[in-house]
Amino acid sequence: MSSSDSNVRAARTPTVAVTGAASGVGALLTERLAASEEIKRVIALDERRGETSEAQWHTLDVRDPALADRLRNDGDAVDVVVHLALDLDLETDPTARTALNVRGTQTVLTAAAAAGVPRVILCTSTMVYGALPDNDVPLAEDAELRATAEATAVGDLLEIERLARRAPRAHPGLNVTVVRPSVLVGAGMDTALTRYFESPRLLVVADSRPCWQFCHVEDLVSALEFAVLEKADGEMAVGCDGWLEQEEVEELTGIRRMELPSAVALGAASRLHRLGLTPSPAGDLAYTMHPWVVSGARLHDAGWRPRWTNEEVLAELLEEVSGRHTLAGRRLGRTEAATAAGAGATVALLGTAALVRRARKRRGL
């Protein structure tokens, strides 16, 4: 390649910074971008160094104001930041989780503006649309965000969405793209929605209409690369084409349902979470009751397509969770799992009343 060809390539290929680059989706994206001929350089930012040796690593907390200096990159301008340093773990203390998610996003947006970075890509979730019985099926990407903060980390995601919308006004010249994946599967994803499929029975709330749409992490990484290369921008949803009805899910998984009245299911979930016996708040149940699937039209119109189907992702999820046992969002030991599997469906859930009684006795309630 001649020097003139090299200069032309450098001019059209971006330098990309990725936060949360050492693990999960961040690690997969860092590896993919580092191997791409369409990317000039990858700057990897995390609290520890990851495995992609081709990237330029900086170890720091994403909330550190020194982030702006790292983005200046010794005079080599960063063209886009992909912010993936989020904690959506069920087991994380909610206050600590919010401190990282919200403060981290604020710092990334401020640092990017201070460093003259023109674009930031944020990743939230289609959960921000809310799971409601009157939702369109599917939802358009510009549908109103009607979620509440009652489900795990959704309050953080909604605040990130608000920061994304305010950023161009607070920092003129900064362009913000928001990517919203549906139920993420792969790369060790562990959420209330993946744990749903670890249960001995699939909880179905009476008179509800669950609809399931998945997103494999490989498709999310592909969509993020698409956004990095400016092939699509704005607010876009990522997921498999279409969705699965609850009956299809039960047929594909071979797991029988346990159907309960709404008041019973929500009441039990609320009590168990309040007593600290399960990590999943009652608000998570809404996402197994009502539809919240999206069309993904914006990415489709730009030419992107998912490689995975809902059926394929569900099959991979079942393989990943094989051997794990969960009840009401709480991981069970072998003895507890055997008891739950052997009990009738309703007995298995309502048997948690014994846990409630023991917890109250310990607390003197």
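Using a 1.4 Å probe and ignoring any ligands, DNA or RNA, find the accessible area of SER270 and quote it in Å² to the nearest 10.
50 Å²
Name the residues whose placed amide hydrogens come within less than 5 Å of the amide hydrogen of LEU139, ignoring near sequence neighbours (fewer than 5 apart) on the same chain.
VAL293, VAL294, SER295
If we count every other residue with Cβ under 10 angstrom of HIS216's Cβ, Lys/Arg +1 and Asp/Glu -1, where does the sum land?
With Lys, Arg at +1 and Asp, Glu at -1, the net is -3.
Please give me, ordered by residue number, the trypsin sites (Lys or Arg not before Pro) of the stretch 25-69 that lie in loop per DSSP and have at most 12 other Cβ atoms within 10 Å.
ARG48
Which ³J(HN,Hα) values, rounded to whole Hz and listed in residue order, are derived for the stretch 94-106 from phi using the Karplus coefficients 6.51, -1.76 and 1.60 in 6.51 cos²θ - 1.76 cosθ + 1.60 with θ = phi - 60°, glycine and proline given as x?
Taking θ as phi minus 60°, the curve returns x, 5, 5, 4, 5, 4, 6, 5, 7, 4, x, 5, 4 Hz for the stretch 94-106.
Long-range amide H contacts for VAL183: which residues qualify at under 5 Å (H placed 1.01 Å from N, peptide plane, sequence gap of 5 or more or a different chain)?
The answer is GLN213, CYS215.
Let me cross-check ASP79: its accessible surface, 1.4 Å probe, with only protein heavy atoms counted, in Å² to the nearest 10?
The accessible area comes out at roughly 60 Å².
The values are calculated or read from the model by the stated rules, or taken from the named source; none is laboratory data. These numbers were taken from a predicted model, which means no experiment stands behind them. As a convention, Cβ positions derive from the backbone with ideal geometry for all residues, glycine included, and neighbour counts pool all protein chains shown. Note: areas computed on protein heavy atoms with side chains; ligands, DNA, RNA excluded. Shrake-Rupley method; radii C 1.70, N 1.55, O 1.52, S 1.80 Å.
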